[in-house]
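Colleague: One structure, pasted below without further comment.
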Amino acid sequence: MQTLAQTLTSQAVNSSLTALLLTLANTSKAISGAVRHGALAGVLGATEQENVQGETQKKLDVITNDMLKDALKADGNVRGLASEEEDYVVEVSKQGEYLVCFDPLDGSSNIDINSLVGTIFSVLPATDGELNEQSFLQAGRQQVAAGYVLYGPSTMMALTTGKGTQFYTLDPDSGEFLLTNDKVAITPDTAEFAINMSNQRFWEAAMQTYIADLLLGKIGPREQSFNMRWIAAMVGDVHRVLCRGGIFTYPTDNKNPAKPFKLRLMYEANPMAFLVEQAGGKASTGYETIMDIQPTEIHQRVAVILGSRNEVDMCLSYHGLDYSEEPTID
Ligand code: AFP
């Protein structure tokens, strides 16, 4: 089996990007160790800090953010970094060719229940001139690489450099990420959806109708039964979609009108959209293609609908309906 480094060489990825991706992979091995030790290492539970988005940070959010920050600072190829856990963008090295956006530990509500968590990253080209938030505000189409590492029963990496999506599995014996799927392909059709159903009453009418039709199963307009899954960590839900197809969505809702979207464009939606498109799937907000969005701020949030191409198209067709009637709020 090919190692990660061998695969990147065979894809003719340049040496600076290869070095950066190996830094991310090596740091994820250390994160995997910290996650695996759990309570034994005293890393579970919350801190007393909140991130810029007003969310209480878990100890592991802070630990893994520091691990990635330190590794990327030492790498030499990074111009700047932006993290879900950092208030502002961080300047790293004037010589660096790349910008890295990351969510150090996605699914942090799963940490204390020993369930799936992961690291998500997106690599953009550095721009000329001073480094500031504006440098990062590039559409997802500009990404040169994106991936996630899933800390599950095995530690796996999904990675794209624009040449398909590959899966690597961390070999606990050699400590190497080995290529275990060189051409991930999302099935175009599916009978499985992922959504947090507890928010149903807060969704737009388009999503209400679409999900209601899935739930009707064989007696509804879709004339087939659908299964539902929800891991509460986007890495876990997207990994399942990449493995066996499906549609995953965190749609617009009016639970808190000041915060109509949950997922972050730069750390979650864009890298996942790149992986999904490279595997033959599709990713949209319902109204525009995720990777075509021109970001306006680093911590921006968006609605996400992604996965099996034909099912995403079906969901989008509901968004073309006249849904001027708003759902009831209780
Ligand atoms: P955290 O990493 O802040 O816990 O958020 C995870 C996440 O953004 C995403 O990975 C999940 O899909 C989603 O939240 C789960 O949200 P619910 O709380 O609605 O299940």
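The values are calculated or read from the model by the stated rules, or taken from the named source; none is laboratory data. No experiment lies behind these values; they were computed from the predicted model shown. For neighbour counting, all protein chains shown are included, and Cβ atoms are generated from backbone atoms with ideal geometry for every residue, glycine included. Note: areas computed on protein heavy atoms with side chains; ligands, DNA, RNA excluded. Shrake-Rupley method; radii C 1.70, N 1.55, O 1.52, S 1.80 Å.
Colleague: Looking only at residues in the range 184-206 that are farther than 17 Å from residue 241 by Cα and under 21 Å from the mean Cα position of the chain (by Cα), which one is least open to solvent (accessible area, probe 1.4 Å)?
Modeller: 199
Colleague: Only residues that are of a type outside the set (Gly, Ala, Ser) and closer than 17 Å to residue 63 by Cβ: list them for the range 91-111, please.
Modeller: Within the range 91-111, 102, 103, 104, 105, 106, 110, 111 qualify.
Colleague: OK, next. If a residue must be open to solvent by 10 Å² or more (accessible area, probe 1.4 Å) and either assigned to a helix (DSSP H, G or I) or away from the ligand (no atom under 11 Å from the Cβ) (or both), how many such residues does the range 252-273 contain?
Modeller: Total satisfying the criteria: 7.
Colleague: Further question: Of the residues 109, 28, 32, 122, which is in a helix (DSSP H, G or I), of a type outside the set (Val, Ile, Thr), crowded, with 24+ Cβ neighbours inside 10 Å and touching a residue at least 60 places away in the same chain (Cβ under 8 Å)?
Modeller: 28
Colleague: Let me ask something else. Within the range 235-251, work out how many residues are open to solvent by less than 10 Å² (accessible area, probe 1.4 Å), within 9 Å of the ligand (Cβ to nearest atom) and closer than 20 Å to residue 207 by Cα.
Modeller: 3
Colleague: Is it the case that some residue within the range 50-71 is basic (Lys, Arg) and in a helix (DSSP H, G or I)?
Modeller: Looking through the range 50-71, at least one residue is basic (Lys, Arg) and in a helix (DSSP H, G or I).
Colleague: Looking only at the range 77-103, count every residue that is in contact (Cβ under 8 Å) with a residue 60 or more places away in the chain and not aromatic (Phe, Trp, Tyr) and tell me the total.
Modeller: Matching residues across the range 77-103 total 9.
Colleague: Looking at the range 125-147, which of the residues that are assigned to a helix (DSSP H, G or I) and open to solvent by 20 Å² or more (accessible area, probe 1.4 Å) is nearest to the ligand (Cβ to nearest atom)?
Modeller: Per the criteria, the residue is 133.
Colleague: Only one of these is in contact with a His (Cβ under 9 Å, 6 or more places away or on another chain), touching a residue at least 12 places away in the same chain (Cβ under 8 Å) and buried (at least 20 other Cβ atoms within 10 Å of the Cβ): 307, 286, 281. Name it.
Modeller: Step by step, each of 307, 286, 281 is checked, and only 286 is in contact with a His (Cβ under 9 Å, 6 or more places away or on another chain), touching a residue at least 12 places away in the same chain (Cβ under 8 Å) and buried (at least 20 other Cβ atoms within 10 Å of the Cβ).
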